Amino acid sequence: MPMIIFHTGFVDVISIFTSCFRRLNRDLGLTPDYQQIVILATILSGAAFVAHMLGNIFITTNRYSTLCLVQKYDKYWKRKNVWILITIQYVIASASFLHTLGAKLVYDQYADGTFCYVSLEKSFDLANRSIYVAVCTIYGIVSINLNIRLLLEWHRLSQLGTISRHSRQEKGLVLYTMSVFVSSALMCAQQLTRAFAVFTDNKSLNMWATLQTSSSTG
């Protein structure tokens, strides 16, 4: 569990740095000479988002196992299995946006010669938004299902008075899981808004959603 939290936090740091660069790219009006760096930042940002969501699914599954699969918890969450999950997390995240390497960027050029980065070319932007939608959908379905079961089981055990002597720690971890779900749901809402904007070619909504996703954009 601590290793999954650590690696999920690590990809969040990557996401923050890449998003800061991409925000600066817009604000400073960097020229197309920097487009390879922008593409790399786009790939890293997207991969970090996927890794973050996968990590949160693993964290939720871990908490679910603690209460609902007590007898099998130690079997499922051996160190070896945890490292396998972390490897899967990185492999899937890394592969998700590699196709973006072949993308071209769209810029607006103003009368004074300055540039403003708009987006990836349409086909790549649509492909990337589709990936975000798929990841958000999977995360939502899995997390809502597990969290509801987790809360119901916690309530049932509380009523029976069978919560372990470590109940304060367990309660803290359950609350942490819920807070992770809420923050991730907000991230998904932002990404789904941006996907809707791209699919409907709503540039003003796309720009607004992009500015809102300062730590999770792709």
Considering every residue within segment 22-30, establish whether at least one is farther than 21 Å from Ile131 by Cα, buried (at least 20 other Cβ atoms within 10 Å of the Cβ) and charged (D, E, K, R).
no
Given the criteria more than 17 Å from the chain's Cα centre (by Cα), closer than 29 Å to Ser119 by Cα and among the small types (Gly, Ala, Ser), does Ala47 qualify?
no
Being among the hydrophobic types (A, V, I, L, M, F, W, C), surrounded by 15 or more Cβ atoms within 10 Å (Cβ to Cβ) and either in a helix (DSSP H, G or I) or more than 15 Å from the chain's Cα centre (by Cα) (or both) is the requirement here; does Val13 meet it?
no
Report, ordered by the first and then the second residue, all pairs with beta carbons closer than 7 Å, sequence separation of six or more or different chains, a first member in segment 149-161 that is surrounded by 13 or more Cβ atoms within 10 Å (Cβ to Cβ), and a second member that is hydroxyl-bearing (Ser, Thr, Tyr) and at pLDDT 85 or above.
Arg149/Tyr64; Leu150/Tyr64
How many residues are more than 14 Å from Gln36 (Cβ to Cβ) and charged (D, E, K, R) if we restrict to segment 94-110?
1
Which residue out of Ala134, Ala41 is surrounded by fewer than 19 Cβ atoms within 10 Å (Cβ to Cβ), assigned to a helix (DSSP H, G or I) and among the small types (Gly, Ala, Ser)?
Ala134
Quick check, is Asp27 within 19 Å of Met207 (Cα to Cα) and in a helix (DSSP H, G or I)?
yes
Restricting the first residue to segment 68-83 and requiring it to be surrounded by 12 or more Cβ atoms within 10 Å (Cβ to Cβ) and modelled with pLDDT of 85 or more, which pairs with a second residue that is of a type outside the set (Lys, Arg) and outside any helix (DSSP H, G or I) meet a Cβ separation below 8 Å and a spacing of at least six or different chains?
Tyr76/Leu69; Trp77/Met1; Val82/Met1
Checking Val91 against (1) at pLDDT 95 or above; (2) closer than 20 Å to Phe199 by Cα, only one condition comes out false. Which one?
(2)
Where His52 falls short, out of the listed (1) under 26 Å from Lys171 (Cβ atoms); (2) at pLDDT below 90:
(2)
Are any of the residues in segment 110-117 touching a Ser or Thr at 6+ places or on another chain (Cβ under 8 Å) and closer than 20 Å to Val198 by Cβ?
no
Mind checking whether some residue in segment 106-113 is of a type in the set (D, E, K, R) and not in a helix (DSSP H, G or I)?
yes
Condition met for Ala127 (surrounded by 14 or more Cβ atoms within 10 Å (Cβ to Cβ), hydrophobic (A, V, I, L, M, F, W, C) and without any contact (Cβ under 8 Å) to a residue 60 or more places away in the chain)
yes
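The values are calculated or read from the model by the stated rules, or taken from the named source; none is laboratory data. Here the structure is a predicted model, which is why all the values come from computation and not from measurement. Here the Cβ is made from the backbone with ideal geometry for all residues, glycine too, and neighbour counts use every protein chain on show.
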